[in-house]
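A short worksheet on the structure shown next.
The values are calculated or read from the model by the stated rules, or taken from the named source; none is laboratory data. All figures in this text were calculated on a predicted structure; none of them were measured in a lab. Every residue, glycine as well, gets a Cβ built from its backbone with ideal geometry; the counts of neighbours run over all protein chains shown.
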There are 2 protein chains.
Amino acid sequence: MKFTCQKTELVQAIQTVSKAVSSKPQMPVLSGIYLKAEDGILELQATDYEIGILCQIEAEVETPGNIVLSGRYLQEVTRRLPGETVEIDFDRQEQIAHIRSNTANFTLLSMSANDFPTIHSLEGNINFQIRDNILKDLISKTAFACSNDEARPVFTGCSMEVHDSTVTMAATNTHRLAVKTEVLDDFNGSIKIIIPAKILGELSRLMISEIPENVAVSCTYNQISFKFDHVYLTSRLIEGQFPDYRRVIPPEFKTRVTMETAGFSSAVDRVSLISRSGDYNVITLEFSNGQVRIFSNNPDIGNAEETMPAVIDGPDVTISFNAKYVTDVLKNITTDKFYFSLNETLSPAAIREPEDDTFTYVVTPVRTAAR
Amino acid sequence: MKFTCQKTELVQAIQTVSKAVSSKPQMPVLSGIYLKAEDGILELQATDYEIGILCQIEAEVETPGNIVLSGRYLQEVTRRLPGETVEIDFDRQEQIAHIRSNTANFTLLSMSANDFPTIHSLEGNINFQIRDNILKDLISKTAFACSNDEARPVFTGCSMEVHDSTVTMAATNTHRLAVKTEVLDDFNGSIKIIIPAKILGELSRLMISEIPENVAVSCTYNQISFKFDHVYLTSRLIEGQFPDYRRVIPPEFKTRVTMETAGFSSAVDRVSLISRSGDYNVITLEFSNGQVRIFSNNPDIGNAEETMPAVIDGPDVTISFNAKYVTDVLKNITTDKFYFSLNETLSPAAIREPEDDTFTYVVTPVRTAAR
C-alpha cells in the first residue's frame, strides 16, 4: 500500500475516527486505526464494538492496500508532521509503515488488517433522512438530562420515538426529564429505540457542516447508523423498556413565571457556589411580588442571596431544587426569556421556551427541612 | 470593618495572594486570606509558612478592622460578583462577613484574625535592588533545570550568588546544569543562598509590570523577601551546600554546531514522540556533512528520523541525550540560532546563545547500547 494525501485532511479524519478507538481494547487490534487506500480514496475505521466510525478522504493512491496502525501514535505523529502532504508507504515484508512528510521520516510497526473487525454498512429495516441541525437540536435539548449510572442502562440513553412523521427524543435520570419533538419531512413509519447518550454526543461533535445537510439514519432492533458528509457512524442500541415519561409531565400549572434566561442562569450559578460543596447543592426560589429571591445556605460556609425581576402569573410559590438541574437546562435554552411553570412547593415544575411547545423539561423539587 | 473597592482590583489581589494559601493547611486559619482595611488601603495576606504573599489595593474604608475569610470561597465568590464594586461588611457580633455587589448578597463565616500569623517586613542584613526584567530572565533561564525530588532539597532550588556586583543564578538536577549571570547596578556585597524554585516561579508570574521596575530584595541566612508594585513576597531559603557546579562546565569544546532554534526544537519534539513512552526518552544526534540527523527508536512502536542543516565547526560527532533535557532549554532560548558545543560521544555538551557568555547550559549525554 502506498498513498499521498493532504496533512490537514488526514489529521481531521484520524481525529474523527479516534473517538471510537478503545482505550481499554478487548483485543490489541482495537487500539489501532484501520486504513484502506483504493480508487483515489483513503478510508479510516475504528471501533470498540459499541461504536464504529468510518471516514473517507481523497488520496493519491499509488498501490492499493490496507493496514492497521496504533491509533495513539498515528494521531500524535501526523498532528506534528512538518509538511503539507503526507506519504504513507507500507512495507509488507517488514510489516512496517513509513510515514514521510517534508524532512520527517517515521516508521510505525503495523498490526494485521485481517484481524480488524471492519465496519459493514448497516441494512436496517427502518430508514429515514433527518436534517443535521434538527438532529443536533434534538440531542442538545435532551442528552444532558441522562444518568451516568451504568447500573441502570436505559437511563444512560435517549429514547427516540418516531410516529406519524413526528420524532420525539427524551432523556431522564428519574429526577428530571427532557423531551423534544420535531417533524420529519418524508417518513411515516414507527420506531421506539434507546440510543446511548455518549454516542449522540460524539455524533453532535462530528456534524460540523456549516450548511444544513441530510443525515441518513438506518436502524435494526439493536443497531443504528448515521451517514453524512464523509462520515459513517454505527452504534449498538440500549435494550430495555424506557419509562412512560408522558405521565410525568404535569397537565397544567397554577403559576407561570417569565424570566431573563442569562440573568437568572448566572444568578443561580453564583448563589449555588455556597451550596455546591454540600451533598445536595440545594437552592431555594421564592417567587412573590414581581420578583424571584434565589438563596442558598451552607452551615459550614455561609449563605448567598440574590433578587431579580420576574413576571409571575398565578399564586406565589417557594420551591427548592438541585441547582445543577436548573443550570444544566438553562445552558441549552436558546431564547432570551423562558417560562418556569409551577404548582405546589413539592410538585414537579417545568421549564419551557416561550411560544414553543416542542420542548419540555420537568424537574422534581427537593424537600428541605426548614427555611 | 467595612469597606468598598473595585471588583477587578479585589479579584486580582485575591488571585495574587492565593498562591500562598495552603491546600493542606497545618492549622485551619492558614486556609484563609487575611484582610485588613485601614487609611484607604485594603491589605490582603496569605501564608503557608514556606511562602508568604501580601498585596495592597485602594479601598474606601468606612470602618477600619481585620478579618480572615476562607481563601477558596472568597476567590470563587468575588470572581463571579455581578457589580463593578464590592462592599465587605464584617459583623463582629455574629462573626460573619457580608459581601455585596449589585444584586448579589453573600455572607461568609469568618475565622479569627488574631490567630493568623501575619507577615512582618523582613529586615535582612543584605539588601539590594534588581530590575524585574533581569530577575525574570535569571529565573526563566535556570529554574526549569531544577529537580522535583524533595528527598534532595538543594536540587529543588536555584543557587543565587552575588559577588562584586555580579549575580549568578544556577540550577541542576545532577544530569543537567543551567547558569546565568547578570550585573547589578548598585550593590557590592556577597551572598550565597538557595531559593526554592517553585517560589521563583510564583515570583515570575507576579511580576507583570509592562515597564521595567525595581524589585527590592532583602535576605537573612534563612529568609528572603521581594518587594515590588503593591506586592510583598517572603520565602524560606533552602539550607545546605549547593554543589560546586563551575567545575562541571567543560573549559573547551572540540566541535561547535550552529543551528536554527525553532526548527531544531520542533524536530527534536517530533522525533522524541517515538521514544517518549520508553523509560529514558533517548534521541540520538548525528552531526556530519553540514547537517544533523536526529533519530530515535522504540522496539515496541517504530522509529523516527529527521535531518536538518547545521553549521559544524570541528570533528563529526554522534551523541545521545534525554530529549526532554534538550527541548526544555530550547524553550528558554530567545535567539533565532543557538550553539551546541560538543567533545566526545560520552562527554558533557553545552548549549549557549550566540555572542553571549552570560548563559551556559550543560547536559550529560546518555550511553546507548548500540546504534
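Quick rundown of the values:
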{"quantity": "Options A:Gly71, A:Gly157, A:Gly83: the member that is within 14 Å of chain B (Cβ to nearest Cβ), within 22 Å of A:Ser23 (Cα to Cα) and in contact with a helix residue (DSSP H, G or I) (Cβ under 7 Å, 6 or more places away or on another chain)", "calculated": "A:Gly71"}
{"quantity": "Hey, A:Pro243 under 27 Å from A:Pro315 (Cβ atoms) and either aliphatic (A, V, I, L, M) or touching a residue at least 60 places away in the same chain (Cβ under 8 Å) (or both) or not", "calculated": "no"}
{"quantity": "Within region A:93-106, considering residues that are at pLDDT below 95 and within 26 Å of A:Ala20 (Cα to Cα), the one nearest to the other protein chains (Cβ to nearest Cβ)", "calculated": "A:Ile96"}
{"quantity": "Some residue of region A:6-26 being over 26 Å from the mean Cα position of the chain (by Cα) and in contact (Cβ under 8 Å) with a residue 60 or more places away in the chain", "calculated": "yes"}
{"quantity": "Single match in A:Ser288, A:Ser235, A:Ser275, A:Ser218 (criterion: surrounded by 17 or more Cβ atoms within 10 Å (Cβ to Cβ), of a type in the set (Gly, Ala, Ser) and under 27 Å from A:Tyr339 (Cα atoms))", "calculated": "A:Ser275"}
{"quantity": "Region A:252-281 - residue that is more than 14 Å from every other protein chain (Cβ to nearest Cβ) and at pLDDT 95 or above and, of those, nearest to B:Ala104 (Cα to Cα)", "calculated": "A:Thr261"}
{"quantity": "Matching residues, region B:291-313, being away from chain A (no Cβ under 13 Å) and surrounded by fewer than 21 Cβ atoms within 10 Å (Cβ to Cβ)", "calculated": "B:Val311, B:Asp313"}
{"quantity": "Hits in region B:168-194 - residues which are farther than 23 Å from B:Val363 by Cβ and within 17 Å of the chain's Cα centre (by Cα)", "calculated": "B:Ile193"}
{"quantity": "Failed criterion for A:Asp316 (all others in (1) modelled with pLDDT of 95 or more; (2) under 30 Å from A:Thr181 (Cα atoms); (3) away from chain B (no Cβ under 14 Å) hold)", "calculated": "(2)"}
{"quantity": "So A:Val68, is it surrounded by 18 or more Cβ atoms within 10 Å (Cβ to Cβ), farther than 19 Å from B:Ala304 by Cβ and in the same structural domain as A:Pro25 (by TED's automatic domain parsing)", "calculated": "yes"}
{"quantity": "Unique match (being on the phi < 0 side of the Ramachandran plot and surrounded by 21 or more Cβ atoms within 10 Å (Cβ to Cβ)) among B:Val183, B:Val167, B:Val154", "calculated": "B:Val167"}
{"quantity": "Qualifying residues in region A:329-348 (those that are under 22 Å from A:Asp244 (Cα atoms) and touching a residue at least 60 places away in the same chain (Cβ under 8 Å)) - the one nearest to the chain's Cα centre (by Cα)", "calculated": "A:Val329"}
{"quantity": "Test: residue in region A:111-122 that is within 13 Å of chain B (Cβ to nearest Cβ) and either assigned to a strand (DSSP E or B) or surrounded by 14 or more Cβ atoms within 10 Å (Cβ to Cβ) (or both)", "calculated": "yes"}
{"quantity": "Meets criteria (in contact with a Phe, Trp or Tyr (Cβ under 7 Å, 6 or more places away or on another chain) and either at pLDDT 95 or above or not hydroxyl-bearing (Ser, Thr, Tyr) (or both)) for A:Ile294", "calculated": "no"}
{"quantity": "Members of region B:184-216 that are in a strand (DSSP E or B) and either touching a Ser or Thr at 6+ places or on another chain (Cβ under 7 Å) or assigned by TED's automatic domain parsing to the domain that holds B:Thr16 (or both)", "calculated": "B:Ile194, B:Ile195, B:Pro196"}
